[in-house]
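Student: I have a structure I would like to understand better, so I am pasting it below and will then ask my questions one at a time.
The values are calculated or read from the model by the stated rules, or taken from the named source; none is laboratory data. All figures in this text were calculated on a predicted structure; none of them were measured in a lab. Don't worry about glycine lacking a Cβ; one is built from the backbone with ideal geometry, like all the others, and counts go over all protein chains shown. Heads up: the accessible areas ignore ligands, DNA and RNA and are worked out on the full protein's heavy atoms, side chains in. Shrake-Rupley method; radii C 1.70, N 1.55, O 1.52, S 1.80 Å.
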Amino acid sequence: MNKVYVVGLGPGGSEFMTAAAQAALERSDVLCGYTVYVDLVAPLYPEKERYTTPMTKETDRCRWALETARKGRTVAMVCSGDAGVYGMAGLILQLAADFPEVEVEVICGVTAALSGGAVLGAPLGHDFCVISLSDLLTPWEQIEKRLECAAEGDFAVCLYNPASRKRKDYLQKACDILLRRKSPETVCGWVRNIGREGQTSRVLTLQALRDEELDMFSTVFVGSSATQNIAGWMVTPRGYEKK
C-alpha cells in the first residue's frame with residue numbers, strides 16, 4: 001500500500017493517543033520520525049521497522065517516508081502532539097506533489113497546548129494563541145512582533161519551545177515583551193514532560209515566570225487579564241457566569 005500516515009502521538013504514552021493514531025500505527029510497516037518520538041512508541045510495536053533521523057533532518061526524513069511508500073510500503077511518520085501543529089504534516093504535503101502515487105493521511109493528535117492545559121486546569125478557556133519561541137525557522141523579530149500583538153489583544157498565550165541550551169534567556173525576553181502590556185500579577189503556568197515520567201507543573205505570576213529555568217520539554221501558559229488562580233488551578237473563564 002503506497003501510503004504515509006502522518007500521526008500525532010500526543011504526549012507519547014499510549015493512553016494519550018487517539019484510537020485513529022493507534023490504528024494507523026498498527027497498519028504501518030515502518031515507524032519513521034525524529035529519534036525521540038519514535039522511541040516513545042517503539043516499545044508498543046516492537047515488530048515494526050524503524051527509521052529515525054536527528055533534529056534538523058526533517059526534509060530528509062519526510063522524503064525518505066514518501067520514497068519508501070512509493071515502493072509499496074505503509075509508513076507512519078510520527079510526531080509529538082499533533083502532526084499539524086509544529087509537526088511534519090505540512091512538510092509531507094509540500095513534498096507529496098512529487099509523489100502522486102503516494103496517498104497521505106494526516107492523523108490528528110493532542111498537542112501540548114491541550115494536554116498541558118489539562119494539567120494546569122483550564123488556561124485556554126477563552127480566546128488564545130500559540131507561539132513558538134524557537135528562532136531556528138522564524139526570525140526573532142517576527143516572534144517578538146507576535147508576542148507584542150498577543151499582549152495587545154489580551155490573549156491567553158501558550159508558548160512552545162520556551163528555552164534551550166542555546167536560547168537560555170528567550171523565555172525571559174518573551175516575558176519582558178509581555179510585561180509591557182500585561183500585569184506582573186498575570187496568572188501563568190508551566191508543565192514539563194507532559195504525560196511522561198517526571199511530569200512537573202507550577203502556577204505562578206508573570207513576574208515570577210520571568211525567572212524560571214525551563215527547557216524544550218516545557219510548555220508555558222500566560223493568562224489573559226481574566227485568568228484566575230482558583231485553588232491552584234489556572235482558569236481563564238469563558239464568561240458563562242455573566243449570562
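Student: If I ask for residues that are part of a loop (DSSP other than H, G, I, E, B) and open to solvent by 10 Å² or more (accessible area, probe 1.4 Å), which ones from the range 12-30 would you list? Before the answer, list the steps.
Tutor: Step one: of the range 12-30, the residues part of a loop (DSSP other than H, G, I, E, B) are 12-13, 17-18, 28-29.
Residues satisfying the conditions are Gly13, Met17, Thr18, Asp29.
Student: Give the number of residues within the range 222-243 that are hydroxyl-bearing (Ser, Thr, Tyr) and either open to solvent by less than 60 Å² (accessible area, probe 1.4 Å) or in contact with a strand residue (DSSP E or B) (Cβ under 7 Å, 6 or more places away or on another chain) (or both). If you could, list the steps in order and put the result at the bottom.
Tutor: So in the range 222-243, the residues hydroxyl-bearing (Ser, Thr, Tyr) come out as 224-225, 227, 236, 240.
From the residues that got through so far, the ones that are either open to solvent by less than 60 Å² (accessible area, probe 1.4 Å) or in contact with a strand residue (DSSP E or B) (Cβ under 7 Å, 6 or more places away or on another chain) (or both) too are 224, 227, 236.
The qualifying residues number 3.
Yes or no, residue by residue, for (1) of a type in the set (A, V, I, L, M, F, W, C); (2) closer than 22 Å to Cys108 by Cβ; (3) part of a loop (DSSP other than H, G, I, E, B):
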{"residue": "Cys32", "(1), (2), (3)": "yes, yes, no"}
{"residue": "Val36", "(1), (2), (3)": "yes, yes, no"}
{"residue": "Leu40", "(1), (2), (3)": "yes, yes, no"}
{"residue": "Pro46", "(1), (2), (3)": "no, no, yes"}
{"residue": "Arg50", "(1), (2), (3)": "no, no, no"}
{"residue": "Gly72", "(1), (2), (3)": "no, no, yes"}
{"residue": "Leu93", "(1), (2), (3)": "yes, yes, no"}
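Student: What is the one condition in (1) over 27 Å from Ser224 (Cα atoms); (2) of a type in the set (Gly, Ala, Ser); (3) out of contact with any helix residue (DSSP H, G or I) (no Cβ under 9 Å at 6 or more places or on another chain) that Ala96 does not satisfy?
Tutor: For Ala96, the exception is condition (3).
Student: What are the pairs with Cβ atoms under 8 angstrom where one residue, in the range 128-141, is within 15 Å of Cys175 (Cα to Cα) and among the small types (Gly, Ala, Ser) and the other, located anywhere, is in a loop (DSSP other than H, G, I, E, B) and open to solvent by 80 Å² or more (accessible area, probe 1.4 Å)? Sequence gap at least six, or different chains.
Tutor: Pairs found: Ser132/Tyr86.
Student: On to the next question. Checking the condition basic (Lys, Arg), at pLDDT 95 or above and open to solvent by 10 Å² or more (accessible area, probe 1.4 Å), which residue from Arg165, Arg181 passes?
Tutor: On the way: Arg165 fails: at pLDDT 95 or above.
On inspection, the qualifying residue turns out to be Arg181.
Student: Write out, first by first residue and then by second, each pair whose Cβ atoms fall under 8 Å of each other, whose residues are 6+ apart or on separate chains, and whose first residue, in the range 151-171, is over 21 Å from Thr186 (Cβ atoms) while the second is among the aliphatic types (A, V, I, L, M).
Tutor: From residues that are over 21 Å from Thr186 (Cβ atoms), the pairs are Ser164/Met216; Arg167/Leu133.
Student: Further question on the same structure: Mind listing just one residue for me: the one in the range 184-221 that is part of a loop (DSSP other than H, G, I, E, B) and hydrophobic (A, V, I, L, M, F, W, C) and, of those, most open to solvent (accessible area, probe 1.4 Å)? Can you show your working first?
Tutor: Going through the range 184-221, the residues part of a loop (DSSP other than H, G, I, E, B) turn out to be 184-186, 193-199, 210-217.
If we keep only those that are hydrophobic (A, V, I, L, M, F, W, C) too, we end up with 194, 214, 216-217.
Working: Ile194: 16, Leu214: 22, Met216: 74, Phe217: 108 Å².
Per the criteria, the residue is Phe217.
Student: Turning to a different aspect of this structure: Those residues that are open to solvent by 40 Å² or more (accessible area, probe 1.4 Å), in a loop (DSSP other than H, G, I, E, B) and not aliphatic (A, V, I, L, M), I need them from the range 111-143; list them, please.
Tutor: His126, Asp127, Asp135, Pro139
Student: Taking the residues in the range 65-110 that are of a type in the set (Gly, Ala, Ser) and without any contact (Cβ under 8 Å) to a residue 12 or more places away in the chain as candidates, determine which candidate is most open to solvent (accessible area, probe 1.4 Å).
Tutor: Per the criteria, the residue is Ala97.
Student: Given the conditions (1) exposed (fewer than 15 other Cβ atoms within 10 Å of the Cβ); (2) assigned to a loop (DSSP other than H, G, I, E, B); (3) in contact (Cβ under 8 Å) with a residue 12 or more places away in the chain, which single one is not true for Thr59?
Tutor: With respect to (1) exposed (fewer than 15 other Cβ atoms within 10 Å of the Cβ); (2) assigned to a loop (DSSP other than H, G, I, E, B); (3) in contact (Cβ under 8 Å) with a residue 12 or more places away in the chain, Thr59 is out only on (2).
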